[in-house]
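The values are calculated or read from the model by the stated rules, or taken from the named source; none is laboratory data. All values reported here derive from a predicted model rather than from experimental measurement. Counting neighbours? That spans all protein chains shown, and the Cβs are built from the backbone with ideal geometry, glycine included.
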Amino acid sequence: MEKFVIEGGKRLNGEVRISGAKNSALPIIAGSLLTDKPLILENIPCLNDVTTMLQLVKTIGASLSFKKNRLQIHTGQLRQIEAPYDIVRKMRASYYVLGALIARAGRARVSLPGGCAIGPRPIDLHIKGLRALGTKIEIEGGYINARGRRLHGAKIDLQGPKGTSVGATINVMIAATAARGTTEITSAACEPEVIDVANFLNFLGAEISGQGTHTIVIKGGKTLGTGSYRIIPDRIETGTFAVAAAMTRGKIKIAHCVPEHLSSVIDKFQEIGVRIEALNNTLIIDGSGEKHATNIFVAPYPGFPTDMQAQFMALLSIVPGTSTIKETIFENRFMQAVELMRMGAEITIEGDTAVINGVGRLSGAYVMASDLRASAALVLAGLAARGKTVVRRIYHLDRGYEKFEVKLRKLGARIKREKE
Ligand code: EPZ
């Protein structure tokens, strides 16, 4: 296992270039199984989760070459229709092959993903949507066995107990491209990654409209073709670097991003007193000013993203005053709090709400990463803390950030990767 060793207190300055969006890359790689033609996917980030997804589609039958964020992929023939447990348990988003295989081959056998550190992560809405399209689904021995040779359009509402579902919206949208007739998904997720997947499917020849709203319409049965598609930049990576500038009182330029994908996060930065300016595909962050406490209410897009919650908890732990964060999407996404408290943060958790009393400065410590965004939050805290911070189990972070410490070092951070 590896760790990051960080010397805190250095203001970040300079320019960082954002990589492609993890949460677009994963469903789009799975969606490439829909066509038997060769495809080129551009701006694919080099991340552990992408490596796992590529391993999965290769097992299923894809031939691929992945160099410098450019993926050439061709699934002329399917070798198998199974997504095995030992891959799915490493990366839940493997379930995206469920919709693609049902559409392509009329059947699939996908291991149930199980929960993860941040919550039980059920997939009942995925199954509800696929059944509505005519798929026969049985759960047996920890696997989803699906058969659906003649899918038909349907009206499907995907409202879940926590609002919309990104994964279910995407999985059903992928499968519906092969359904005869029209499918209407209501209570659809509106995240930019959902739009990106819909645009990719349309680029292949599908006929999808309404993406970005709560009602998406898919006219199925089109033959899907070939070409080269570039995925969107990663809005959560963008937000993470902006928090790094805010916490170290630095001034950085974030290039190759999409500011409008972060409107609710930009609003929060401005409320806190972080100067942030959007120029086309660039954000300029000046974290040197005085900061004020605020209250954050996590919500589905276009609300404040749950994937930015941990990073803002780190930021608010050094902002004067009392701030609160209400996490409404996942049941157990405050695990960074106890590690931040070991660095001197004053945080109390009351159910789904964290109350943060800002302190003057955090102090470096040995801390343990628990999940992807919590590990990013601990690195950010280390950058701002006095003294040395060691973040352990950074395999969590390598799942979702491309060359994280390399990009931070380019901005002046004193951070290095070491073997445990
Ligand atoms: C996607 O997860 C992202 N992952 C998550 O990012 C992100 O936090 C989440 O969307 C919310 O924006 C990927 O895109 C790979 P959901 P997903 O289905 O699709 C409940 C990161 O850090 N639900 O929108 O799994 C669920 O339990 C990761 O990059 C059901 O009840 O999220 C949750 O409470 C973490 N039944 C809520 O809905 C279902 O069938 C939202 O989940 C599906 C979900």
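Evaluated against (1) over 20 Å from Arg121 (Cα atoms); (2) in contact with a Pro (Cβ under 8 Å, 6 or more places away or on another chain); (3) of a type in the set (A, V, I, L, M), Ile347 falls short on exactly one condition, (2).
The rows are residues; the columns are (1) assigned to a strand (DSSP E or B); (2) modelled with pLDDT under 95; (3) under 22 Å from Gly20 (Cα atoms).
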position: Ile44; (1), (2), (3): no, no, yes
position: Val50; (1), (2), (3): no, no, yes
position: Val57; (1), (2), (3): no, no, yes
position: Phe66; (1), (2), (3): yes, no, yes
position: Ile73; (1), (2), (3): yes, no, yes
position: Gly76; (1), (2), (3): no, no, no
position: Val97; (1), (2), (3): no, no, yes
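Is there a residue in the range 351-362 that is closer than 14 Å to Ile118 by Cβ, surrounded by fewer than 18 Cβ atoms within 10 Å (Cβ to Cβ) and modelled with pLDDT of 95 or more? Yes, because at least one residue in the range 351-362 is closer than 14 Å to Ile118 by Cβ, surrounded by fewer than 18 Cβ atoms within 10 Å (Cβ to Cβ) and modelled with pLDDT of 95 or more. Screening Ile266 against (1) surrounded by 16 or more Cβ atoms within 10 Å (Cβ to Cβ); (2) under 19 Å from Thr353 (Cα atoms); (3) over 15 Å from the mean Cα position of the chain (by Cα); (4) not small (Gly, Ala, Ser) leaves a single unmet condition, (2).
Answer yes if at least one residue in the range 368-385 is more than 20 Å from Cys46 (Cα to Cα) and among the charged types (D, E, K, R), and no otherwise. No - not one qualifying residue is present in the range 368-385. Candidates are the residues of the range 177-189 that are within 16 Å of the ligand (Cβ to nearest atom) and buried (at least 20 other Cβ atoms within 10 Å of the Cβ); the one that is nearest to Arg235 (Cα to Cα) is Ala189. With respect to the conditions (1) within 30 Å of Gly141 (Cα to Cα); (2) within 16 Å of the ligand (Cβ to nearest atom); (3) touching an Asp or Glu at 6+ places or on another chain (Cβ under 9 Å); (4) of a type outside the set (Gly, Ala, Ser), Val88 lacks only one, and its number is (3). Collect the residues in the range 289-315 that are of a type in the set (A, V, I, L, M, F, W, C) and either in a loop (DSSP other than H, G, I, E, B) or within 13 Å of the chain's Cα centre (by Cα) (or both), keeping them in residue-number order. Scanning the range 289-315 gives Ala293, Ala299, Met308.
Only residues that are in contact with a helix residue (DSSP H, G or I) (Cβ under 7 Å, 6 or more places away or on another chain), more than 16 Å from the ligand (Cβ to nearest atom) and not polar (S, T, N, Q) were counted across the range 3-39, and they come to 11.
Looking at Gly287, Gly250, Gly273, which one is touching an Asp or Glu at 6+ places or on another chain (Cβ under 7 Å) and small (Gly, Ala, Ser)? Quick ask: steps written out before the conclusion?
Details: Gly287 fails: touching an Asp or Glu at 6+ places or on another chain (Cβ under 7 Å); Gly250 fails: touching an Asp or Glu at 6+ places or on another chain (Cβ under 7 Å).
Within the list Gly287, Gly250, Gly273, the selection yields Gly273.
One line per residue, one yes/no per condition, for (1) at negative phi; (2) among the small types (Gly, Ala, Ser); (3) within 21 Å of the chain's Cα centre (by Cα):
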{"site": "Asn13", "(1), (2), (3)": "yes, no, no"}
{"site": "Leu39", "(1), (2), (3)": "yes, no, no"}
{"site": "Glu42", "(1), (2), (3)": "yes, no, yes"}
{"site": "Asn69", "(1), (2), (3)": "no, no, yes"}
{"site": "Gln72", "(1), (2), (3)": "yes, no, no"}
{"site": "Gln77", "(1), (2), (3)": "yes, no, no"}
{"site": "Val88", "(1), (2), (3)": "yes, no, yes"}
{"site": "Arg109", "(1), (2), (3)": "yes, no, no"}
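Mind listing whichever residues of the range 169-202 are acidic (Asp, Glu) and either free of Cβ contacts under 8 Å to residues at least 60 places away in the same chain or touching a His at 6+ places or on another chain (Cβ under 6 Å) (or both)?
Filtering the range 169-202 for residues acidic (Asp, Glu) gives 184, 191, 193, 196.
The answer is Glu184, and nothing else.
Out of curiosity, is Lys410 closer than 15 Å to Val5 by Cα and either in contact with a helix residue (DSSP H, G or I) (Cβ under 7 Å, 6 or more places away or on another chain) or at pLDDT 95 or above (or both)? So Lys410 does not fit the description; no.
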